[in-house]
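Presented below is the structure to which this report refers.
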Amino acid sequence: MIRMTYRGLDEAIKKLDPKIIKISTAVALRKAAVGGRKVIAKELRTLYNLKSAQIKDQISISKLEAQRVKLLAKTRRIPLIEFKPTQGKVGIRVKILKSSGRQIIPHTFIATVKSRQVFERERSGSKRAARHPLVPLQGPSIYTLARGRKIFTKAEAYVKQQFRKNLIHEINYRMGKKLGTPFDLMVDSEQE
């Protein structure tokens, strides 16, 4: 086993193979960003009546450079059917916040038109006629749900912390593969 100890991560990066460092940085950053997306989904799941997969689909990871990544929450509104509504006599009952009860939205109904959705009839003035077109109802967007709740700052802190761990792991893995023997990069974390 080859063991190398450095005072800080920056010093270690300067002395190792730049190609391995570039690949390790990109992989570590991507893994940290995926973890950040999980943090956002977990935080939103505690507040809202959504599945984790529905939240993760709305958050994309865009790679800007080898050393930068961006998590983007889409502003497209989520269909109301995703909040598990139930049909009642007056309209549908839907629970968006986990802390509140189901709310009734009058004059709405669940129907299948291309896909299962929540609809209401288009209004003309104050009247709804049976012949008016159907309007699909939308809930809030992921960006709207997360904004103002410090969820993005929690995810950013997690990504920064996880990136360092992932980078050291990826460097050890790639250097060990190149040398054909286990490689252990020891970084003194007190110096940073």
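Restricting to the stretch 28-49, give me the number of residues that are surrounded by 12 or more Cβ atoms within 10 Å (Cβ to Cβ) and touching a residue at least 40 places away in the same chain (Cβ under 8 Å).
Number of matching residues: 15.
So Pro79 fits all but one of (1) closer than 30 Å to Asp17 by Cβ; (2) at pLDDT 85 or above; what number is the exception?
(1)
When you check Ile55 against the structure, is it buried (at least 19 other Cβ atoms within 10 Å of the Cβ) and not in a helix (DSSP H, G or I), yes or no?
The answer is no for Ile55.
Please work out if Gly101 is in contact with a His (Cβ under 7 Å, 6 or more places away or on another chain), outside the structural domain of Phe152 (by TED's automatic domain parsing) and farther than 16 Å from Thr144 by Cα.
Against the criterion (in contact with a His (Cβ under 7 Å, 6 or more places away or on another chain), outside the structural domain of Phe152 (by TED's automatic domain parsing) and farther than 16 Å from Thr144 by Cα), Gly101 does not qualify.
If you go through the stretch 58-87 one residue at a time, how many are part of a loop (DSSP other than H, G, I, E, B) and of a type in the set (Gly, Ala, Ser)?
1
Could you tell me which residue of the stretch 35-61 is modelled with the highest pLDDT, considering only residues that are polar (S, T, N, Q) and more than 12 Å from the chain's Cα centre (by Cα)?
Per the stated criteria, the residue is Thr46.
Using the structure shown, decide if Ile61 is within 15 Å of Thr144 (Cα to Cα) and assigned by TED's automatic domain parsing to the domain that holds Glu156.
In short, no.
Report, ordered by the first and then the second residue, all pairs with beta carbons closer than 6 Å, sequence separation of six or more or different chains, a first member in the stretch 13-27 that is within 16 Å of Phe183 (Cβ to Cβ), and a second member that is surrounded by fewer than 16 Cβ atoms within 10 Å (Cβ to Cβ) and not basic (Lys, Arg).
The qualifying pairs do not exist here.
The values are calculated or read from the model by the stated rules, or taken from the named source; none is laboratory data. This one's a predicted model, so the numbers in the text were calculated from it and none came from an experiment. Here Cβ is always computed from backbone atoms with ideal geometry, including for glycine, and neighbour counts include all displayed protein chains.
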